[in-house]
Every structure is written in C-alpha cells, then in structure tokens.
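Colleague: Mind having a look at this structure? Questions to follow.
The values are calculated or read from the model by the stated rules, or taken from the named source; none is laboratory data. As the structure is a computational prediction, the values presented were derived from the model and not from experiment. Every residue, glycine as well, gets a Cβ built from its backbone with ideal geometry; the counts of neighbours run over all protein chains shown. Quick note on the areas: whole protein, heavy atoms, side chains included, nothing else; ligands and nucleic acids left out. Shrake-Rupley method; radii C 1.70, N 1.55, O 1.52, S 1.80 Å.
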Amino acid sequence: EGELAFMKYPEFQTYINLENILEKFPADPQRATQAITSHEVGHRFCPYDPITTLILSHAVKKELESQSVPYSVDSATKNILNLFTDTCINTRLNQRGNEDIAWTYQEMSKSKKQDSKLWRVYGKSMELIWKKDILPKTTKLTTEEKDAAEELAGIFGRNYFNKDTWKENSVHYARTVAKFLENEKKDGKNGLDNTPGNNLPKDIDDKTAQEL
C-alpha cells in the first residue's frame, strides 16, 4: 500500500503503481514514472539478489541491535537498507546524466517531509553527493544533522557501486542514521520503493548461513 514501485527477485520483474505516481507527482507524472522506472532497473544490480539482500540486512540489523531505535529493529533495518541501496542506484544514475531522479526527490521534498529528521539528513546527503538542490531553501538542519549528512556523503565515493563494499558501507550508513529514526511509517516513506525489504528470503542454505 502506497508503494510507487518494486522489483521482484529472482525474476527481476518490475511493478509500477501508476495511480500512486499520479497522486504523488501531479506536476509531471510522466517524468516521475521515467525516473522511478530507471531506479527500479537499478535494483537489478543493487542489491542484485535475495542472498545479497539477506547478507546486507543481517549486517545492518546486527549494527542496529547495538543502538536504541524507536521501533522494531527488523523494520528499521528494512528502512535503512532501502535508503542505502537507493542512494547507490540514484548516485550512479546521476553520474550518468539522469536529471529526472534529482527532480523526483525535489518534488518529494515539497511536502512536509522536511519535518522528518531522517528526510533532512537523507536529502542533505543527496545534495552533497550529487551537488544539486533537493531540500527546500527554508529547510533548517541542526549541526548534528549536517554532520550526519556529510558522513553519509563520504560513503559514496569511488567504489560505492562495488558489491564488495556494500556490507561495510551499509553498516556505516546504519550507524550514522539510526539516531534520526522517529516513526516506522513515516521513515518508511522516504524511498521510491522497498525492493530490498520485499525480497528477503524466508529460508537460507548452509553456505549463506556461514556467510552471515
């Protein structure tokens, strides 16, 4: 409910909810659809498959269990992992000249999302990584929020799309944003989808168990 899109593993089928896109992006639903479709294709490569998703989820969950979060660790893990993988995908799209992704987040920021600590940090991190305005000019961030955004931006350097870096980087991401979680439902609406959370396998084999 409320999702704009998601990709189903292992078939890599992409589902787009045009009604939700029309409702949330009335200014230009076609442009938003193009952006979201491009984003979903990115999930073919990040996190790539259910096993990689599970490994990253386990690492993030382990980090969050050492911190105090305002709702269930499982839900917090899904929300944070989604933001991490989304940033990997969207940063790559931006670097390849896609202007629609930044516009989509600018449109999302026009709502009351600036009232969310997590969104302010997330949005500011995108500004620093992409060197584009995302948050409204009137948005005020605390020093702690600015520092966290800079910390997140530093994660997405030269090798951010290298699968070998995702486990360490996702844990770093979780450690940085955990203190800004507030509300499970509100925090869960900060992404374009929840592809990682929708694709966690229920059963794992011995090899995967050892990797965890």
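Colleague: Keeping all protein chains in place, calculate the accessible area per residue for the chain (probe 1.4 angstrom), answer in Å².
Modeller: Dividing the accessible area of the chain by its residue count gives 51 Å².
Colleague: Which entry in (i) 43, 22, 13; (ii) 25, 21, 16; (iii) 45, 15, 14 matches semi-axes √(5λ) of the Cα gyration tensor in Å derived from the coordinates of this structure?
Modeller: Evaluating semi-axes √(5λ) of the Cα gyration tensor in Å on these atoms matches (ii).
Colleague: In addition: Test of understanding: what is the full-extension gain from R96 to E144, defined as 0.36 nm times their sequence separation minus their Cα-Cα distance? Don't jump to the answer; show the numbers that get you there.
Modeller: Numbers: separation 48, 0.36 × 48 = 17.28 nm, distance 3.12 nm.
Answer, rounded to one decimal: 14.2 nm.
Colleague: Let me check I've understood the local charge: for F180, count other residues with C-beta under 15 angstrom from its C-beta, Lys and Arg +1, Asp and Glu -1. What total comes out?
Modeller: 0
Colleague: Using a 1.4 angstrom probe on heavy atoms only, work out the carbon and sulfur share of the accessible area of the chain in %.
Modeller: Carbon and sulfur: 47 percent of the exposed surface of the chain.
Colleague: Take D164, D86, D100 and sort them by solvent-accessible surface of the protein heavy atoms, 1.4 Å probe, largest at the top.
Modeller: D164, D100, D86
Colleague: Highest first, please rank the peptides 114-125, 43-54 by the mean number of other Cβ atoms sitting within 10 Å of their residues.
Modeller: Packing order, densest peptide first, comes out as 114-125, 43-54.
Colleague: Just flag the GluC sites (Glu not before Pro) in segment 99-140 sitting in loop per DSSP whose Cβ has no more than 12 other Cβ atoms within 10 Å. Please list the in-between numbers first.
Modeller: Details: sites: E99, E107, E127; in loops: E99.
Qualifying residues, ordered by number: E99.
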